[in-house]
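See below for the structure under consideration.
Coordinate-derived values only; no laboratory data. From a predicted model like this one, the values you see are computed outputs, not experimental measurements. Because the Cβ atoms are built from the backbone with ideal geometry, glycine has one as well, and the counts that use them run over all protein chains shown.
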Amino acid sequence: MDAAGLDKSFIHAVVLKTAPFFASVGLPAILPDISEDLVKFDVVAHCWGGMASVVSVSVPSIDPLFTVSFVAKCVRIVRTESDDVTSIGDAKRLQSYRQESFFYTNGHVEVLLRQGCCVPRPLIVFEQTLHSHYFVICMTRLSGRAASSMGRDHTRAALTWLARLHAVYWGKQRSAVAVQNGLQEQGGHWYLDARLLELEAMPNDGWQGRLKMAARAIDWRLKNDVLQTIIHGDAKCANMLFDVDSGDDNQGFVCQMMDFQYIGRASASKDLAYALTCACDVPEQEESLLHHYHSELCGALRAHGAPTLPSFSDLSDSLALAYADLGRWMSGCNALPPPASDSPGFDAKTGWGWWGNPLQEKIERLVLDRLDGGIMLESEEAYFHAMRRAFPVSGAS
C-alpha cells in the first residue's frame, strides 16, 4: 500500500468507476471483469500538504495490443468525529481540490480546448471510500514532456498558452460569469486575503518594510486592474509539459498545462509574474517575451471581438505591481519558520521563502521608488494616495 493509503484494490475500484467514460475521450473499452492483477499504477507525485496524490493508471484494453492509460488525482478527506476537516490548512487545501473538480466538470475544459489551450480532458469526478474517504478526479494523460530548462522557446510557448486562457475570460463581465460557473473568486495561491499571516511576519524596516506598508494598496490596485481575467494561478514549470510544434508557424513548442487548483479571477499579470519568476530561465529576455505575450493576447482578443485592447504600458505597469505582490508573499514566507525537511512537498533546493529569478531590484525600482521615492511613507493610507497618483486605474474593461 502507498503511504497515502492507495493500493491495488483502491485503484481497481477507480478503474471500474472510470471505464464507462473512456469512449467519451476516444479511449478503447476494457474487459468488464478486469482483475486487480491487470491494473498497473504508479504514484507520480504527492501534492503539497500530503492530502492528494497524482496516480498514473494503466490497464489492458479489449485490444490486446493497446493499453489504456489515464491520470487520477486522489484527494484524501481527513475528518474528525464532528465531521469537520481537521485544520484550517486542510480546509483550504480541500477547497482548492474541490475548485479543480469544478474546472473539470463545468465545461471550462471544452472552452479552452477550442481556443488551442491543451489541458487534460475530464473522465469522471467521484467520491470513493476504501481504507479512507477520498474524492477522485480522473482525466486523460497529456502527451508532452517536462522541460529540463525553460529557455526562450519553452517560455514563449507557455506565454502563448496563458494569453489564450486570458483572452477567453477577458474583462470583468466574462471573468465574473466564470466565477459563477465554479472558478475561484480570487485566483492564485498568494493573494493577500489568504496570506495575512505572511504579511504580519514581514520585516518592518528596509525595502521589505516599505513593501509591507504598501501591500494593501498594491492588492487593491491589482483587483481593479484593466487586465482583469481568469488566471491559471500556479503557472510554474512543474505544471507545464511541452510537445514539439508541428504547425506551419513553427514556433518550436506547444505548451500543455495541468493542475487547476488555483484557477480564478485576477489580473493577468499575476500569471506572468509567477511564470517569469518561477519558470523562466532567461530573465534577460523578459522584454521580448512580454512583447510576445502582448502580441498573442491582442491577437486572441481581436478574434473574440474585444472592443479595446490593453496597451503595452498597461501590461508593464501591471506586471511591476504583480512582481511586488508576489514578492510580498515570498518575503512573508521567508520570515516564517520553515517546515520540516521531510514535510510533503518540501523542496530542499528552495525551502520556504525566496526562489526563482530575483525580485528585490524590480520591486524597488519599478514600484516602491515610484510610490515613495525611496523613503517609507507614514501610513498605509499614504500608500493608497501614492498608488492612485503613480499607477492610476485605467478605464474599466
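See the values below:
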| quantity | calculated |
| --- | --- |
| Angle in degrees between helix 268-278 and the longest Cα principal axis of the chain, rounded to the nearest 10 | 80 |
| Candidates GLY373, GLY332, GLY116, ranked by Gaussian network fluctuation over the chain, Cα under 10 Å, top entry | GLY373 |
| Contact order normalised by residue count of the chain, Cα under 8 Å, 6+ apart, percent | 17 |
| Modelled FRET efficiency - R0 22 Å, SER149 with HIS291, Cβ distances, 0.05 increments | 0.50 |
| Inter-probe distance in nm under a simple model that places probes 7 Å from Cα toward Cβ, at ASN181 and GLN95 | 2.3 |
| Among HIS154, HIS108, HIS385, residue whose mean-square fluctuation peaks in a GNM of the chain (springs only between Cα atoms under 10 Å) | HIS385 |
| Largest-first principal axis extents of the Cα set of segment 8-139 (Å) | 48, 40, 22 |
| Computed [θ] at 222 nm, deg cm²/dmol, the chain (DSSP H ≥ 4; -39,500 (n - 2.57); rounded to nearest 500) | -12500 deg cm²/dmol |
| P(r) histogram, all alpha-carbon pairs of the chain included - 10 Å bins from 0, percent | 5, 21, 30, 26, 13, 4, 1, 0 |
| Spin-label pair ALA382/ASN224, simplified geometry with 7 Å Cα→Cβ offset, distance in nm | 2.1 |
| Relative contact order computed over segment 8-139 (Cα-Cα under 8 Å; 6+ residues apart), in percent | 22 |
| Additional length obtainable on full extension of the chain from LYS172 to LYS8, 0.36 nm per residue less Cα span | 54.4 nm |
| 0 to 90° range, to nearest 10: angle between helix 380-390 axis and the chain longest Cα axis | 80 |
| Computed over segment 107-260, the ratio Rg/Rh where both radii use C-alpha atoms and Rh is Kirkwood | 1.03 |
| Nearest 10 degrees, 0 to 90: helix 88-105 Cα axis against the chain principal axis | 70 |
| Virtual spin-label span in nm between THR105 and ARG302, 7 Å along Cα→Cβ | 4.1 |
| Longest DSSP-loop-exposure-free segment, GluC sites (Glu not before Pro), the chain, at most 14 other Cβ within 10 Å | 186-377 |
| Gain upon complete extension [LEU65, LEU31; 0.36 nm per residue less C-alpha separation] | 10.9 nm |
